[in-house]
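The values are calculated or read from the model by the stated rules, or taken from the named source; none is laboratory data. Because the structure is a prediction, the values reported are computed rather than measured. No Cβ is skipped: glycine too gets one built from the backbone with ideal geometry, and neighbour counts run over all protein chains shown. These area figures cover heavy atoms from the full protein model, side chains too; ligands, DNA and RNA do not enter into them. Shrake-Rupley method; radii C 1.70, N 1.55, O 1.52, S 1.80 Å.
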Amino acid sequence: MSNRIAILISGRGSNMLALADAVSEGRIPAAEISVIISDHADAPGLALAAERGLATLAVERKGRTRVEHDREIIVRLQEQRVDLVCLAGYMRLLSSEFIETFRHRILNIHPSLLPSFPGLDAQRQAIEHGVKWTGCTVHFVDETLDGGPIIAQTPVPIRDGDTIETLSARILIEEHKLYAAAVALVVSGEYEIAGRRVR
Ligand code: GRF
């Protein structure tokens, strides 16, 4: 059972707070948040986490290669005996060493119904493509961009007149619910990964 959770952020941290709420409210049973790590010290989410009394750490990426930066994060995670790493708006690709060290123990949330619209600006991509439905996806992280095995998805409609902001806000409400449910499933251990399929 994976129960010591680290959350990696780069920005405002609303998914991080949603996971912290879910843990403190018992919606992710038998789990604890070990540490919130940001790749820069001025991420707004880091201050919000500290206000909540969560342990925080900035591991600055500046001046270091991806491999060097990730090695320090791996050491920090191992010091904390972290079982599960949740990416929540973490804006840096992980090295293969990081992915290998935590294989099938790294989760990410993405604001589209993958495999549609991976990468940056997923909400903009969906609007520009003209799809009627988009949504959010929680998946395991592998070496592909937003391409690892899918754990859970929620569809969200695109309405006439939606802007990137209105659509993003509608998706974000679902992200917060979906991420907590997906982490609860993984922490429970009651799933299996068969190829690309999680069941
Ligand atoms: C979310 O839309 C998430 O899906 C994406 O980045 C955004 C992060 O938002 N990966 P927040 O920092 O959790 O508020």
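Residue by residue, what Karplus-based ³J(HN,Hα) values in Hz, rounded to whole numbers, does segment 19-33 have, using 6.51, -1.76 and 1.60 with θ = phi - 60° and x for Gly and Pro?
5, 4, 4, 4, 5, 5, 8, x, 7, 10, x, 6, 10, 9, 8
What per residue convex hull volume, in Å³, do the alpha-carbon atoms of the chain yield?
Working: hull volume 23.1 nm³, N = 199.
Spelled out: Cα convex hull of the chain, divided by residues, is 116 Å³.
Suppose every Lys and Arg Cβ carries +1 and every Asp and Glu Cβ carries -1, with no other charges. What dipole size does segment 109-199 come out with about its Cα centre, to the nearest 20 debye? If you can, show how the numbers build up before the last one.
Values: 8 positive and 12 negative charges, 54 e Å.
Roughly 260 debye, rounded to the nearest 20.
Not counting ligands, DNA or RNA, and with a 1.4 Å probe, what is ILE150's accessible surface area in Å² rounded to the nearest 10?
That residue has around 50 Å² of solvent-accessible surface.
Taking the chain as a Gaussian network, Cα atoms linked when under 10 Å apart, which of ASP42, ASP142, ASP70 shows the biggest mean-square fluctuation?
Of ASP42, ASP142, ASP70, the Gaussian network model singles out ASP42 as fluctuating most.
Considering only ALA152, ALA169, ALA18, give the residue with the highest GNM mean-square fluctuation for the chain, with springs between Cα atoms whenever their separation is below 10 Å.
Among ALA152, ALA169, ALA18, the largest GNM mean-square fluctuation belongs to ALA169.
If you find the alpha carbon centre of segment 169-183 and of segment 92-124, how far apart are they in angstrom?
That distance is 15 Å.
Using a 1.4 Å probe on the protein chains only, how many percent of the accessible area of the chain belongs to carbon and sulfur? Don't skip to the end; give the middle numbers.
Numbers: 5020 of 9650 Å².
That fraction is 52 percent.
What is the Cα coordinate range of segment 1-102 on the first, second and third principal axes, sorted by size from largest, in whole angstrom?
Its Cα atoms span 39, 30, 19 Å along the three principal axes.
Between helix 164-188 and the chain, what is the angle of the helix's C-alpha long axis to the longest principal axis, kept within 0 to 90° and rounded to the nearest 10?
The two axes meet at around 50 degrees.
Considering only the other residues whose Cβ falls under 10 Å of the Cβ of ALA58, what net charge follows from Lys and Arg at +1 and Asp and Glu at -1? Working shown, then result.
Details: positive: ARG61; negative: ASP39, ASP42, GLU60.
Charge balance near ALA58 sits at -2.
Counting Lys and Arg as +1 and Asp and Glu as -1, what is the net charge of the other residues whose Cβ lies under 15 Å from the Cβ of LYS132? Provide the component values of the computation, followed by the final result.
Working: positive: ARG159, ARG170; negative: GLU128, ASP160, ASP162.
Net charge around LYS132: -1.
Against the longest alpha carbon principal axis of the chain, how many degrees, from 0 to 90 and to the nearest 10, is the axis of helix 66-79 turned?
Helix 66-79 sits at roughly 60 degrees to that axis.
Only helical DSSP H runs with n ≥ 4 go in: add -39500 (n - 2.57) per run for the chain, normalise by residue count and round the 222 nm mean residue ellipticity to 500 deg cm²/dmol. Display every interim value, and only then the final one.
Details: 6 runs with 72 residues, N = 199.
Value at 222 nm, helices only, nearest 500: -11000 deg cm²/dmol.
Using a cut-off of 12 Å between beta-carbons, work out the net charge of the residues near GLY11 (Lys and Arg +1, Asp and Glu -1, GLY11 not included). Write down the numbers at each step before the final one.
Numbers: positive: ARG12, ARG92; negative: ASP39, ASP42.
Neighbourhood net charge equals 0.
Suppose the chain between HIS129 and ARG197 were pulled fully straight at 0.36 nm per residue; how much longer would it get relative to their current alpha carbon spacing? Provide the component values of the computation, followed by the final result.
Working: separation 68, 0.36 × 68 = 24.48 nm, distance 2.68 nm.
Fully extending the segment from HIS129 to ARG197 adds 21.8 nm.
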